[in-house]
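J.: Quick one: this structure, given as structure tokens, is what I'll be asking you about.
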Amino acid sequence: MSSKSQLTYGARASTHPNPLARKLFQVAEAKKSNVTVSADVTSTKELLDLADQLGPYIAVIKTHIDILTDFGPQTIAGLQALAQKHNFLIFEDRKFIDIGNTVQKQYHGGTLRISEWAHIINCSILPGEGIVEALAQTAQAMDFPYGADRGLLILAEMTSKGSLATGPYTAASVDYARKYPSFVLGFVSTRSLGEVPATVAASADEDFVVFTTGVNLSSTGDKLGQQYQTPQSAVGRGADFIIAGRGIYAAPDPQEAARQYQQQGWEAYVARVGGAQ
Ligand code: 5BU
């Protein structure tokens, strides 16, 4: 595991070179939550209701904005107001995967205007290093206040059965993260990638943030190849933020479920940092 995984969120918030990573750790520390809820609902009302209901228990909301049937300016205004009200960050799980010229247009402008409201985005590095460079350029070129707090997670591994995001692909993810430290916050991966045999050497202050999807307390998978682990397992393997979708929003009482994931994720984190909270 990465040596920084043993440090508290507070310590990482005070030393991290990236402003958005600092903010992430500050939010986690302030709310005692490392939960990201994957709000995979299909209407703006459901999304905003969920965000308002679960807001107090989460650090980040993860969206798939293109699955909404009624996306519009009211979606974004609502989400931003709730992010302010409850102090959470917004992660659009768009998984950019194309040539640089195309992803720039998908990220900035277009119908979804992702760069204007998503603090965090992610991409696959299947197209090569250019995708990271292109997205970083777009974020940098944005006017304040947008450019100030935008970051990328590299999709280094996936949770689905038979995923091909392994081996050299995962190692290249680490290389690219090391080459663009001011824009790349870290990874979406199933574990800390500190031990992956990358070719670019780590810097002394390297502290990548690990988001782990596929977290569920009551299921081990679904019929379409999703594979789950528990909050304890994910945090034990290096997750700094645990991402749960159906385990929370499809529970009989989503608020109670969010509280439960918050508690378990936090206890696992406290255990990892040696009870130093
Ligand atoms: P679930 O309902 O907890 O299974 O939802 C998982 C979410 O995380 C869903 O939005 C997926 O698109 C997303 N996901 C994932 O499940 N596995 C991955 O490897 C990545 C994203 Br990357």
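The values are calculated or read from the model by the stated rules, or taken from the named source; none is laboratory data. Model, not experiment: these values are computed from the prediction. Backbone-built Cβ (ideal geometry, glycine too); neighbour counts: all protein chains shown.
J.: How many of the residues in region 27-50 are in a helix (DSSP H, G or I), in contact (Cβ under 8 Å) with a residue 40 or more places away in the chain and within 16 Å of the ligand (Cβ to nearest atom)?
T.: So the answer is 1.
J.: Let me ask something additional. When you scan region 222-248, how many residues do you find that are touching a Ser or Thr at 6+ places or on another chain (Cβ under 7 Å) and aliphatic (A, V, I, L, M)?
T.: Number of matching residues: 5.
J.: Ok, one more. If you check A239, A251, which single one turns out to be surrounded by fewer than 23 Cβ atoms within 10 Å (Cβ to Cβ), more than 7 Å from the ligand (Cβ to nearest atom) and at pLDDT 95 or above?
T.: Going through A239, A251 in turn, just one is surrounded by fewer than 23 Cβ atoms within 10 Å (Cβ to Cβ), more than 7 Å from the ligand (Cβ to nearest atom) and at pLDDT 95 or above: A251.
J.: With respect to I65, determine if the residue is in contact with a Ser or Thr (Cβ under 8 Å, 6 or more places away or on another chain) and more than 14 Å from L152 (Cα to Cα).
T.: It is true that I65 is in contact with a Ser or Thr (Cβ under 8 Å, 6 or more places away or on another chain) and more than 14 Å from L152 (Cα to Cα).
J.: Assuming Q227 fulfils every condition listed in (1) over 15 Å from G265 (Cα atoms); (2) within 14 Å of the ligand (Cβ to nearest atom); (3) under 16 Å from the mean Cα position of the chain (by Cα) apart from one, which condition is it?
T.: So Q227 meets the others, but not (3).
J.: Out of the residues in region 90-130 that are closer than 20 Å to G55 by Cα and within 16 Å of the ligand (Cβ to nearest atom), state the one that is farthest from the chain's Cα centre (by Cα).
T.: Checked region 90-130; the qualifying residue farthest from the chain's Cα centre (by Cα) is A118.
J.: Still on this structure, please answer the following. Does L24 satisfy being in contact (Cβ under 8 Å) with a residue 60 or more places away in the chain, under 12 Å from the mean Cα position of the chain (by Cα) and in a helix (DSSP H, G or I)? Lay out the reasoning, then the answer.
T.: Working: in contact (Cβ under 8 Å) with a residue 60 or more places away in the chain: yes; under 12 Å from the mean Cα position of the chain (by Cα): yes; in a helix (DSSP H, G or I): yes.
For L24, the condition - in contact (Cβ under 8 Å) with a residue 60 or more places away in the chain, under 12 Å from the mean Cα position of the chain (by Cα) and in a helix (DSSP H, G or I) - is met.
J.: A further question follows. Examine region 144-153 for a residue that is of a type in the set (A, V, I, L, M, F, W, C) and at pLDDT below 95, and state whether such a residue exists.
T.: yes
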